[in-house]
Amino acid sequence: MNSSHIKIFYTPIEAAIRWSNLYEQEQFIIGLLDPDRLPLNHQLERWPLIRLNLDRIYDGLLNGDLPFGRNGITCADPELLSSPSVTIRHVDMRVWMSEKYPDQRPDFLFDDYERLLHPAVTVEAVQALVMERDLWRSSSESCQRMNKKLRRKLDAMRGELDIATRHAGTSLSQRAELTYLNIIGALVQLILSETPSGIAYSTFRSQESIISALIAHHTGLMGVTERTLHAKFAEAKRRLASQII
């Protein structure tokens, strides 16, 4: 934006000259015009672009698209439209041109950055995109931090799985498994049995009570679950029964 061209308000001819990028000739052009009358078309024959832009400005004024007033104060007095003293505020001119002539970006209304933008792209749209980008960037950084935490947890779980796999790979031999099952079956049978005189060897009266006690005292140990204990006890009893003649 060329600050030397900027004013708080403009007369229509001043705005048209700046719009036509002929500010350097402004004093010369205005000097040829009658200050008490509106510019006439034949007075602007040498500057057809100024005449075109002046017609565009008056078209906006006459149709109520472009606010106007006197000495920079908006008053919308229709008599001013036939007076050379009618003025247009800088901010109103900028809004009007953005809406009605978006492909026009004269340097007295728009800065260099705005003039480089595609006409269909507004500053507000760019600002909204920047805000959206910043939000996505913040969200992405948060996701990356969460991803690192999850990766650390995953690596720890993989380590535990490797240890468990190695332990699981050390399987019992058939003879050792049979030995353990015999011991388990014999212990369960003994715990639930009585002496020849009818005195119970323990206070447990059922396999379920044994399982409940084991879980209560050793919860968290591998294999000490209700389902596993029921399965192992049942298999131990079958193995023991199959060996008794």
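The values are calculated or read from the model by the stated rules, or taken from the named source; none is laboratory data. Note that the structure is predicted; figures quoted are calculated from it, not measured. Here Cβ is always computed from backbone atoms with ideal geometry, including for glycine, and neighbour counts include all displayed protein chains.
Output yes when any residue across the stretch 126-145 is without any contact (Cβ under 8 Å) to a residue 40 or more places away in the chain, within 27 Å of the chain's Cα centre (by Cα) and either part of a loop (DSSP other than H, G, I, E, B) or surrounded by 13 or more Cβ atoms within 10 Å (Cβ to Cβ) (or both), and no when none is.
Taking every residue of the stretch 126-145 in turn, at least one turns out to be without any contact (Cβ under 8 Å) to a residue 40 or more places away in the chain, within 27 Å of the chain's Cα centre (by Cα) and either part of a loop (DSSP other than H, G, I, E, B) or surrounded by 13 or more Cβ atoms within 10 Å (Cβ to Cβ) (or both).
Is there a residue in the stretch 13-34 that is in a loop (DSSP other than H, G, I, E, B), out of contact with any Pro (no Cβ under 7 Å at 6 or more places or on another chain) and under 24 Å from Asp103 (Cβ atoms)?
For the stretch 13-34, residues in a loop (DSSP other than H, G, I, E, B), out of contact with any Pro (no Cβ under 7 Å at 6 or more places or on another chain) and under 24 Å from Asp103 (Cβ atoms): present.
Is it fair to say Glu14 is charged (D, E, K, R) and modelled with pLDDT under 90?
no
State all residues of the stretch 39-49 that are farther than 18 Å from Leu81 by Cα and assigned to a helix (DSSP H, G or I); if no residue qualifies, say none.
Listed by number, the residues that qualify are His42, Gln43, Leu44, Pro48, Leu49.
Across the stretch 57-77, what is the number of residues that are of a type in the set (A, V, I, L, M), in a strand (DSSP E or B) and in contact with a helix residue (DSSP H, G or I) (Cβ under 7 Å, 6 or more places away or on another chain)?
0
Quick check: is even one residue across the stretch 212-226 surrounded by 10 or more Cβ atoms within 10 Å (Cβ to Cβ), modelled with pLDDT of 85 or more and part of a loop (DSSP other than H, G, I, E, B)?
yes
Based on this model, can you work out whether Leu116 counts as in contact with a Lys or Arg (Cβ under 9 Å, 6 or more places away or on another chain), over 18 Å from Glu26 (Cβ atoms) and not assigned by TED's automatic domain parsing to the domain that holds Ala16?
Yes; evaluated as a whole, the condition is true for this residue.
Only residues in the stretch 70-81 that are over 16 Å from Arg37 (Cα atoms) count as the first member; pair them with residues that are modelled with pLDDT of 90 or more and surrounded by fewer than 13 Cβ atoms within 10 Å (Cβ to Cβ), Cβ under 7 angstrom, at least 6 apart or cross-chain, and list the lot.
Taking only residues 6 or more apart or on different chains, the pairs are Gly72/Ile8.
Going by the conditions given, is Arg89 free of Cβ contacts under 8 Å to residues at least 12 places away in the same chain, under 41 Å from the mean Cα position of the chain (by Cα) and farther than 18 Å from Glu26 by Cα?
So Arg89 fails the test.
Yes/no per residue for (1) of a type outside the set (Val, Ile, Thr); (2) closer than 20 Å to Leu181 by Cα; (3) out of contact with any helix residue (DSSP H, G or I) (no Cβ under 9 Å at 6 or more places or on another chain):
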| site | (1), (2), (3) |
| --- | --- |
| Ser197 | yes, no, yes |
| Ala213 | yes, yes, yes |
| Ala216 | yes, no, yes |
| Thr228 | no, yes, yes |
| Lys232 | yes, yes, no |
| Glu235 | yes, yes, no |
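Evaluate the following for Asp103: is it modelled with pLDDT under 95, charged (D, E, K, R), part of a loop (DSSP other than H, G, I, E, B) and under 48 Å from the mean Cα position of the chain (by Cα)?
The answer is yes for Asp103.
Among the listed residues Arg70, Arg94, Arg37, Arg18, identify the single one that is surrounded by fewer than 19 Cβ atoms within 10 Å (Cβ to Cβ) and within 20 Å of Arg115 (Cα to Cα).
Going through Arg70, Arg94, Arg37, Arg18 in turn, just one is surrounded by fewer than 19 Cβ atoms within 10 Å (Cβ to Cβ) and within 20 Å of Arg115 (Cα to Cα): Arg94.
When the stretch 149-208 is examined, which residues are found to be of a type in the set (Gly, Ala, Ser), assigned to a helix (DSSP H, G or I) and modelled with pLDDT of 80 or more?
Listed by number, the residues that qualify are Gly185, Ala186.
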